[in-house]
1. Could you order peptides 70-78, 146-154, 113-121 by the average number of other Cβ atoms within 10 Å of their residues, highest first?
2. If you average over every viewing direction, what projected area does the convex hull of the Cα atoms of the chain give, in nm²?
3. Order the peptides 37-47, 20-30 from the highest to the lowest mean number of other Cβ atoms within 10 Å of their residues.
4. Say each of E115 and E68 gets a label point 7 Å from the Cα, pointing the same way as Cα to Cβ; how far apart are those two points in nm?
Amino acid sequence: MKNNISNKTEFEVRPAFPEEAGLFFAMSPEKDAELGCIGHVRIDFGSSGKNFYHTWHPRGPEELNTQEFRDELDKVVAELRKDVLKNSASMSSYCYTHGGEIKGGWVQNYGYIVETERYRYCVRCNPVPGDYQSYVSCFDKQVQEMNIAQRQAQEQKMTMGGM
């Protein structure tokens, strides 16, 4: 079997749901913390559309940026580079044939999500030359679930206290 991201592989890519659009753009530090944001990788294919320049931007507590996370991020990006993030032309083709349109940005952006047991990777594609073509925002799902549970407990406590 060919190891291709659009086939069943270690990491499945799915188009984002409209209500997930906010995960693909910059958020307040408070929202980043609530969602367990670790950081994002910014990707540029260069003027030829065939390069792969990337930079890491931390957005959360340094303790979330573990070796386990970095190893998995490397594997996810390597897999995405076989198809979705191979080059500018491949990304454009992928976007136009796989859906994932999300609102936000000055041009049409496309969002895809890769979820693993522990992490959520939100891949925003911007198939326009002259701008960064992709951002991969990374979230720790355990932190997210813990924060949601805490918020729900606080809301329940406030509701019960107000009776």
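Values quoted throughout were computed directly from the atomic coordinates according to the rules given, and no laboratory measurement underlies them. Since the model is a prediction, treat every value here as computed from it, not as a measurement. All Cβ positions, even for glycine, are placed from backbone atoms using ideal geometry, and neighbour counts span all protein chains on display.
1. 113-121, 70-78, 146-154
2. It is 11.1 nm².
3. Per-residue mean Cβ counts within 10 Å order the peptides as 37-47, 20-30.
4. 1.9 nm
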